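The values are calculated or read from the model by the stated rules, or taken from the named source; none is laboratory data. Treat the numbers as computed from the prediction; the structure is a model and nothing was measured. Here the Cβ positions follow ideal geometry from the backbone for every residue, glycine too, while neighbour counts run over all protein chains shown.
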Amino acid sequence: MIYEGKAITVQALEDGIVELKFDLQGESVNKFNRATMAEFQAAVEAIQGDSSIKGVVVTSGKDVFIVGADITEFVGTFQLPEEDLVAGNLEANKVFNAFEDLKVPTVAAINGMALGGGFEMCLACDYRVMSSAAKVGLPEVKLGIYPGFGGTVRMPRVIGVDNAIEWICAGAEQRADKALKVGAVDAVVEPAKLKDAAVATVKRAIAGELDFLAKRQPKLEKVKLNTIEQMMAFETSKGFIAGQAGPNYPAPLEAVKTIQKAANHGREKALEVEAAGFAKLAKTTVAQALVGLFLNDTELKRKAKQYDKQAADVNLSAVLGAGIMGGGIAYQSAVKGTPILMKDIREEGIQLGLDEASKLLGKRVAKGRMKPEQMAQALNAIRPTMSYGDFGNVDIVVEAVVENPKVKHAVLAEVEGHVKDDAIIASNTSTISITYLAQALKRPENFVGMHFFNPVHMMPLVEVIRGEKSSEKAVATTVAYAKKMGKTPIVVNDCPGFLVNRVLFPYFGGFARLLGMGADFQRVDKLMEKFGWPMGPAYLMDVVGMDTGHHGRDVMAEGYPDRMADKTRTAVDVMYDANRLGQKTGKGFYAYEMDKKGKPKKVVDPEAYELLKPIVLEQREFTDEEIVEIMMVPLCLETVRCLEDGIVESAADADMGLIYGIGFPPFRGGALRYIDTLGVAEFVAMADKYAEFGAMYHPTDKLREMAKNGQKFFG
């Protein structure tokens with residue numbers, strides 16, 4: 001053994017060839033944490049000091065190669081002063097440079113995922129041999145940063161500027177065939193032949209068949225483009241990338257600028273340019289939010305996995321109530337491999353559900369994501385029925401009938417009589433208390449909420465709601481089924497609106513208040529979209545449906561009368577009474593026309609403004625900043641209350657629920673991260689400016705205490 005650590009070993013293979021193996025003890029994956037980096041330096045020094053070594057093969061002892069840097073260390077690291085971040089990056093790059101400068105040929109044997117720092121390690125090798133089952137990429141932009149271990153320097157010099165910009169700015173994982181095509185790897189082989197192929201490549205380099213020093217040289221030099229070629233490549237890219245990324249995600253554009261600045265320098269100076277830009281991005285609130293988002297998502301997945309031990313198997317499911325929602329649920333279950341019964345009391349409901357599932361499957365086939373025979377298989381896994389004939393074999397039933405407590409009570413009591421005693425019954429209610437609905441059941445311990453978001457196939461979140469009598473087995477089985485469907489489940493405790501709708505309706509309340517004081521709904525929409533929401537509140541109401549919003553508001557007002565009950569006639573009342581329900585009736589705040597692709601396109605409708613005139617009780621002028629604050633304060637405060645009331649277990653759960661459930665701007669990290677970014681004391685002061693607007697704008701005592709003590713929700 002030439003070197004032995006807890007993450008890396010170096011041992012002799014044959015004929016002077018050594019294997020540098022990454023195999024981080026106690027972890028399921030390899031990653032570049034501080035300990036691994038220290039061992040990497042020691043391993044390189046050991047190789048440098050052994051004159052008998054003629055070549056190096058870099059391998060992994062795990063199913064992945066290296067997944068990248070240890071993101072858990074980013075939180076603390078990114079708090080360091082900018083100059084310390086620059087120094088740290090340059091120090092790390094000295095190790096990669098020392099490895100790249102070894103006097104012997106080096107080959108990476110990429111057996112699995114090689115992402116971020118893991119692929120930058122591969123780029124420091126002279127040759128890269130890749131398993132046909134592996135994937136590579138530089139996904140750092142998804143964390144609000146760009147590659148910091150030489151990726152912006154080596155990548156353009158290995159695969160060309162255009163390809164490098166595409167790989168780095170998109171941050172996508174690339175399959176072996178694509179990597180080979182652009183020259184990111186030198187060979188692709190079957191997994192079983194990988195190590196032998198890597199050793200064979202080293203032997204050819206040792207024998208002089210391959211000139212490894214010539215292969216290495218371009219990585220040490222300037223980019224081989226003249227001034228005109230550089231201008232064309234970079235200026236065109238900058239315009240396109242800026243348009244794609246938008247103003248709220250600076251990392252992709254900064255990556256292009258960094259590659260451009262470094263293009264006329266050799267490796268050492270180019271790495272200095274990279275380190276300076278990396279540190280600048282690491283200090284942004286966007287990077288801190290996106291890193292937090294990644295860690296929150298990881299924690300969410302860990303929690304969901306813990307339920308696996310208590311979950312019962314779901315081999316057959318059922319959905320009650322077809323239509324668009326039922327069809328979406330049936331599609332999602334079938335396409336992910338769980339057969340499902342789809343029951344409705346009407347033939348037209350069944351047909352609507354089947355049409356929805358068929359349409360979604362057809363789109364997958366059209367995009368090449370599914371073969372026609374797979375579509376047929378998925379459709380066959382959806383069994384339409386108007387009776388309870390086969391319900392005795394069902395493991396879980398999702399009730400998705402109309403949002404009416406009486407109807408739900410009747411349907412739930414009925415279905416309970418047709419399923420086996422240990423079958424789980426879940427309600428896809430969006431607002432009605434699970435504890436209340438459970439009153440209709442003889443076995444309330446088998447009952448939970450399973451709230452899907454519309455459209456089911458696109459929205460990643462499922463709220464699993466624990467009622468007062470819900471058993472852990474029922475919760476666990478529902479979580480496991482949601483995961484099996486490809487969804488991200490968050491377990492929340494019961495209350496009106498649960499997490500997402502409880503938080504969303506105060507946001508709509510802020511919107512109603514603005515319109516009542518003369519604000520233009522189009523202006524509000526534009527400002528909130530600029531803030532980062534996928535659509536403004538008026539447009540969102542039109543998409544959700546004014547009838548749904550009207551009903552939900554009444555439920556929330558009954559649940560939280562102190563702050564959500566408002567007897568004032570609002571814009572939603574006006575639209576609802578005029579049967580302007582949004583996209584479903586062709587008119588709401590906006591009117592809707594079909595575009596060339598058959599999708600509804602919003603257009604301004606002067607009639608909407610006429611209808612809204614009577615609800616304007618006073619005319620006030622607002623700055624753009626005030627409009628955003630009036631919208632965001634009640635949403636954020638209700639999120640705080642959900643955490644304080646124990647509806648969600650953690651700040652991470654709350655923020656992820658809003659990002660996955662209602663499209664809270666990811667680059668802001670969620671409502672509680674947003675409060676942290678502003679500063680808790682600053683947020684409380686902001687809310688106090690609008691104290692006259694009522695309890696929805698009043699910070700909780702605990703939040704005031706946090707502000708006083710300088711506390712945060714994260715970190």
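So is GLU19 out of contact with any helix residue (DSSP H, G or I) (no Cβ under 7 Å at 6 or more places or on another chain), in a loop (DSSP other than H, G, I, E, B) and closer than 19 Å to GLY112 by Cβ or not?
no
Each row is one residue, and each column tells you yes or no for (1) among the small types (Gly, Ala, Ser); (2) at pLDDT 95 or above.
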{"residue": "THR9", "(1), (2)": "no, yes"}
{"residue": "GLN25", "(1), (2)": "no, yes"}
{"residue": "VAL56", "(1), (2)": "no, yes"}
{"residue": "THR72", "(1), (2)": "no, no"}
{"residue": "VAL95", "(1), (2)": "no, yes"}
{"residue": "ALA98", "(1), (2)": "yes, yes"}
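Which of the residues that make up segment 374-392 are of a type in the set (A, V, I, L, M, F, W, C), in a helix (DSSP H, G or I) and either surrounded by 15 or more Cβ atoms within 10 Å (Cβ to Cβ) or not assigned by TED's automatic domain parsing to the domain that holds THR338 (or both)? Steps first, answer last, please.
The initial filter retains those residues of segment 374-392 that are of a type in the set (A, V, I, L, M, F, W, C), namely 375-376, 378-379, 381-382, 386, 391.
Still in the list and also in a helix (DSSP H, G or I): 375-376, 378-379, 391.
MET375, ALA378, LEU379, PHE391, listed by residue number.
Report, by residue number, each residue of segment 545-565 that is without any contact (Cβ under 8 Å) to a residue 40 or more places away in the chain and part of a helix (DSSP H, G or I).
Matches in segment 545-565: ASP547, HIS550, ASP554, ALA557, PRO561.
Restricting attention to segment 156-191, which residues are closer than 19 Å to ARG216 by Cα, buried (at least 18 other Cβ atoms within 10 Å of the Cβ), in contact (Cβ under 8 Å) with a residue 40 or more places away in the chain and hydrophobic (A, V, I, L, M, F, W, C)?
Of everything in segment 156-191, those that are closer than 19 Å to ARG216 by Cα, buried (at least 18 other Cβ atoms within 10 Å of the Cβ), in contact (Cβ under 8 Å) with a residue 40 or more places away in the chain and hydrophobic (A, V, I, L, M, F, W, C) turn out to be VAL158, VAL161, ALA164, ALA179, ALA184, VAL185.
Just to be sure, is VAL86 within 30 Å of the chain's Cα centre (by Cα), part of a helix (DSSP H, G or I) and surrounded by fewer than 23 Cβ atoms within 10 Å (Cβ to Cβ)?
Against the criterion (within 30 Å of the chain's Cα centre (by Cα), part of a helix (DSSP H, G or I) and surrounded by fewer than 23 Cβ atoms within 10 Å (Cβ to Cβ)), VAL86 qualifies.
I'd like to check which strands (runs of 3 or more DSSP E) are fully inside segment 99-168 and have at least 3 residues that are more than 14 Å from ALA69 (Cα to Cα).
The strands (runs of 3 or more DSSP E) meeting that bar are 106-110, 127-131.
Consider ARG673 against the criteria (1) in contact (Cβ under 8 Å) with a residue 60 or more places away in the chain; (2) within 20 Å of PRO537 (Cβ to Cβ); (3) not aliphatic (A, V, I, L, M): it satisfies all of them except one. Which criterion is unmet?
(2)
Among residues belonging to segment 11-30 that are in contact with a Phe, Trp or Tyr (Cβ under 9 Å, 6 or more places away or on another chain) and in contact (Cβ under 8 Å) with a residue 40 or more places away in the chain, point out the one that is farthest from SER60 (Cα to Cα).
ASN30
Restricting attention to segment 688-715, which residues are assigned to a helix (DSSP H, G or I), under 28 Å from VAL291 (Cβ atoms), more than 29 Å from the chain's Cα centre (by Cα) and touching a residue at least 40 places away in the same chain (Cβ under 8 Å)?
Within segment 688-715, just LYS702 meets the criteria.
Taking GLU254, is it more than 21 Å from GLU100 (Cβ to Cβ), part of a helix (DSSP H, G or I), at pLDDT below 95 and in the same structural domain as VAL57 (by TED's automatic domain parsing)?
Values: more than 21 Å from GLU100 (Cβ to Cβ): yes; part of a helix (DSSP H, G or I): yes; at pLDDT below 95: no; in the same structural domain as VAL57 (by TED's automatic domain parsing): yes.
No.
Looking at ALA378, ALA318 in this structure, which one is in contact with a Leu (Cβ under 7 Å, 6 or more places away or on another chain), modelled with pLDDT of 90 or more and among the hydrophobic types (A, V, I, L, M, F, W, C)?
ALA318
For segment 615-643, give me the residue count where each residue is out of contact with any Leu (no Cβ under 8 Å at 6 or more places or on another chain) and surrounded by fewer than 22 Cβ atoms within 10 Å (Cβ to Cβ).
10
Residues to consider are ALA312, ALA233, ALA322; find the one that is farther than 16 Å from GLY171 by Cβ, crowded, with 23+ Cβ neighbours inside 10 Å and over 19 Å from the mean Cα position of the chain (by Cα).
ALA322
Can you tell me which residue among LEU194, LEU143 is buried (at least 22 other Cβ atoms within 10 Å of the Cβ), within 24 Å of LYS21 (Cβ to Cβ) and at pLDDT 95 or above? Can you show your working first?
On the way: LEU143 fails: within 24 Å of LYS21 (Cβ to Cβ).
Criteria check complete, one pass: LEU194.
Just one of the numbered conditions (1) over 22 Å from the mean Cα position of the chain (by Cα); (2) part of a helix (DSSP H, G or I) is not true of LYS222; which one?
(2)
Can you say whether LEU612 is closer than 20 Å to GLY536 by Cα, touching a Gly at 6+ places or on another chain (Cβ under 8 Å) and part of a helix (DSSP H, G or I), as far as the supplied structure shows?
No: the conditions fail for LEU612.
Search segment 65-82 for residues being touching a helix residue (DSSP H, G or I) at 6+ places or on another chain (Cβ under 8 Å) and over 18 Å from GLU140 (Cα atoms), and hand back the single one that is surrounded by the most Cβ atoms within 10 Å (Cβ to Cβ).
Among those residues, the one meeting the criterion is LEU80.
Of all residues being crowded, with 19+ Cβ neighbours inside 10 Å and either not assigned by TED's automatic domain parsing to the domain that holds LYS530 or not aliphatic (A, V, I, L, M) (or both) in segment 589-614, which is nearest to THR568 (Cα to Cα)? Just the residue, please.
That would be PHE589.
Just to check your reading of the model, which residue among THR568, THR585 is surrounded by fewer than 18 Cβ atoms within 10 Å (Cβ to Cβ), part of a loop (DSSP other than H, G, I, E, B) and either in contact (Cβ under 8 Å) with a residue 24 or more places away in the chain or among the acidic types (Asp, Glu) (or both)?
When all the criteria are applied, what remains is THR568.
Going by what's in this entry, would ILE259 be described as at pLDDT 90 or above, under 30 Å from the mean Cα position of the chain (by Cα), assigned to a helix (DSSP H, G or I) and among the hydrophobic types (A, V, I, L, M, F, W, C)?
So ILE259 fits the description; yes.
Need pairs with beta-carbon distance below 7 Å; first residue not assigned by TED's automatic domain parsing to the domain that holds PRO699 and surrounded by fewer than 21 Cβ atoms within 10 Å (Cβ to Cβ) and within segment 506-521, second of a type outside the set (Lys, Arg) and assigned to a helix (DSSP H, G or I); sequence gap 6+ or separate chains.
none
I need the full set of residues from segment 438-463 which are touching a helix residue (DSSP H, G or I) at 6+ places or on another chain (Cβ under 6 Å), aliphatic (A, V, I, L, M) and not in a strand (DSSP E or B), in order please.
If the condition is that a residue be touching a helix residue (DSSP H, G or I) at 6+ places or on another chain (Cβ under 6 Å), aliphatic (A, V, I, L, M) and not in a strand (DSSP E or B), then ALA438, ALA440, LEU441, VAL456 are the ones that fit.
For GLU649, work out the one condition from (1) among the charged types (D, E, K, R); (2) assigned to a helix (DSSP H, G or I); (3) farther than 19 Å from ALA287 by Cα it doesn't fulfil.
Looking at each condition in turn, GLU649 falls short on (2).
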